[in-house]
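The values are calculated or read from the model by the stated rules, or taken from the named source; none is laboratory data. In this text, all values refer to a predicted model and were calculated from it rather than measured experimentally. Note that we place each Cβ from the backbone using ideal geometry, even for glycine, and neighbour counts take in every protein chain shown. For the accessible areas, the whole protein counts, side chains as well, though only heavy atoms, and no ligand, DNA or RNA atoms are used. Shrake-Rupley method; radii C 1.70, N 1.55, O 1.52, S 1.80 Å.
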Amino acid sequence: MGEVCVKVALRVRPLLPNELIQNHKVCVRIVPDTAQVMVGSDKLFSFDHAFGPTATQDEVYNSCVQPLVETLLQGDNATVFCFGQTGSGKTYTFGGGNLGEEGGIIDRVAKNVFSLLGEKKNSDGVETKVRVTYLELYMEQLHDLLEPHNTDKELFISKNDKGNTALLLLIPRWYFLFALDSLGQWWWEPKKFSVTSAEELLSVVEAGNVLRHIKTTGMNEHSSRSHTILTLQVEQGFPNNNPSLKPSCSSKLCLVDLAGSEFARKGNKESRHNESAHINRGLLALGNVIRVLATRAHNNCKSTHIPYRDSKITRLLQDSLGGTAHTLMVACVSPSHHSIAETVGVLQCAAKARHIRNCPTAISTH
Ligand SMILES: Nc1ncnc2c1ncn2[C@@H]1O[C@H](COP(=O)(O)OP(=O)(O)OP(=O)(O)O)[C@@H](O)[C@H]1O
């Protein structure tokens, strides 16, 4: 397959009850029947999809996430990541742990993956295995959300022999300095759970969410103070009565809920300021990577240095931005005029991301 551009969906959340009470004005509007958004009366941004405050979780899922699930089951890697200011609706959009009407992307992916795999098994006899890992990046430290007792372990990021980003877990922490050269066998991968149904997958996610760093800030009562990466690894074994098919393939879907960018606000505790500084630094590095990749695509120049190494989140997203995955960025914004500066920043970054070209290859097929 040739190059594909990163797709960007914009989602504008409704004004929240406290914003209505405080009489916030709406300054972000979707231009009807288009994927364009107006900020104030003079700034216009175009995306692949645009969802206004009345859009349902179903609409968001069906138009832009479901095609990626189909891609995953065809053997390619895919990523969905939510990006935006704190309190803009990223976690609402992602959901996780609720199969009802309000369930978000994670819930719908879980249902969709298992229903499609069930159909493949019934019609073509495909044998499947789904494994899940769930990681958190908090204050530049990676934590395994499925391994509660991992406090003395250090996760670090490296490439595997196929050129993919691999995550390696090292025990104990002090081996870290020596392990790469002399104790290479002393590492473990993040904990992988095998799951056989949507319900089982969602209960693993819920258990991981309990360990996630969520705090109250001036902007959001339940603010995610960390980035999370939920990865579904799907292995498919095809019956050998069709010689045109490879005997097996393995592909992964990464669902990344980024912590929100935030201006320093009065009233936040000092610990919240430290977290914000880390979050903003990572997101700044992400913005830089997006800008450099977009410029590189625009100039058709392959040799530019991409600053992936400036933070862990950009290293984790390396396969998804300028790499080998099919990628969807869901940019979430508030409609309020109080957030206009942050909203314009998010929209500018999201508009640039649409120029990034990835080169999907079914690299993990053996
Ligand atoms: N589309 C929506 N419809 C209704 N309510 C929404 C929508 N999007 C967000 N909300 C509400 O807005 C509030 C903030 O949303 P959410 O926690 O998802 O923001 P966030 O971007 O994840 O913030 P943070 O980065 O601080 O974690 C929540 O109360 C959520 O229920």
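Within the range 1-30, the set of residues being open to solvent by less than 90 Å² (accessible area, probe 1.4 Å), out of contact with any Ser or Thr (no Cβ under 9 Å at 6 or more places or on another chain), hydrophobic (A, V, I, L, M, F, W, C) and more than 26 Å from ASP76 (Cα to Cα) comprises ILE30 only. Within the range 298-312, the only residue that satisfies the criterion of being modelled with pLDDT under 90 and surrounded by 21 or more Cβ atoms within 10 Å (Cβ to Cβ) is SER311. Checking THR217, THR231 one by one, the residue that is buried (at least 17 other Cβ atoms within 10 Å of the Cβ), modelled with pLDDT of 75 or more and within 30 Å of MET139 (Cβ to Cβ) is THR231 and no other. Evaluate the following for PHE45: is it near the ligand (Cβ under 10 Å from one of its atoms), of a type in the set (A, V, I, L, M, F, W, C) and under 26 Å from SER320 (Cα atoms)? So PHE45 fails the test. Looking across the range 82-141, the residues that are surrounded by 15 or more Cβ atoms within 10 Å (Cβ to Cβ), polar (S, T, N, Q), within 16 Å of the ligand (Cβ to nearest atom) and not in a strand (DSSP E or B) come down to THR86, SER88, THR91, THR93. Contact map, the range 11-35: first residue within 16 Å of the ligand (Cβ to nearest atom), second residue modelled with pLDDT of 95 or more and of a type in the set (Phe, Trp, Tyr), Cβ cut-off under 9 Å, separation 6 or more or different chains; pairs are ARG11/PHE51; VAL12/PHE51; ILE30/PHE51. The number of residues in the range 48-65 that are within 16 Å of the ligand (Cβ to nearest atom), part of a loop (DSSP other than H, G, I, E, B) and surrounded by 14 or more Cβ atoms within 10 Å (Cβ to Cβ) comes to 3.
Any residue in the range 333-355 that is over 24 Å from LEU15 (Cα atoms), without any contact (Cβ under 8 Å) to a residue 60 or more places away in the chain, more than 16 Å from the chain's Cα centre (by Cα) and open to solvent by 10 Å² or more (accessible area, probe 1.4 Å)? No.
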